[in-house]
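Everything on this sheet refers to the single structure shown next.
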Amino acid sequence: MNKVQTVPGGGKICQSYGMPMAKPEDFGTNADGSPSSEYCRYCFQNGEFTAKMEMPEFIEMQVKIAMEKFGMPEEKAREMAESTIPKLKRWRS
């Protein structure tokens with residue numbers, strides 16, 4: 001089932017980065033310039049992903065961000081990334 005994940009309040013979850021998207025400016029853009037319904041502005045512009053990487057690299061990047069930006073312990077950051085990211089559309093195979 002390809003159900004779009006949502007957050008409380010009706011926003012959507014980016015299917016690459018896992019971040020909440022609630023405002024129009026949070027959404028990325030398709031090749032035709034229209035808003036993407038699945039991906040955020042940080043990961044998807046003009047119909048293409050901004051970062052070309054495989055899932056293990058992406059998980060490492062997210063762990064580092066969670067530790068540096070949010071002060072999260074590495075073990076918790078890794079557990080969260082490894083349990084969430086593989087469920088997002090971009091990373092499912």
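Summary table below
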| quantity | calculated |
| --- | --- |
| Number of positions in the range 38-72 that are of a type outside the set (A, V, I, L, M, F, W, C) and in contact with a Lys or Arg (Cβ under 7 Å, 6 or more places away or on another chain) | 1 |
| Number of positions in the range 15-48 that are within 20 Å of residue 92 (Cβ to Cβ) and among the aliphatic types (A, V, I, L, M) | 2 |
| Criterion violated by residue 47 - all others in (1) surrounded by 14 or more Cβ atoms within 10 Å (Cβ to Cβ); (2) not assigned by TED's automatic domain parsing to the domain that holds residue 23 satisfied | (2) |
| Answer from 57, 25 - the residue that is exposed (fewer than 14 other Cβ atoms within 10 Å of the Cβ) and closer than 21 Å to residue 82 by Cα | 57 |
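The values are calculated or read from the model by the stated rules, or taken from the named source; none is laboratory data. The structure presented is a predicted model; accordingly, all values stated were derived computationally and were not measured. Glycine also receives a Cβ, built like all others from the backbone with ideal geometry; neighbour counts cover every protein chain displayed.
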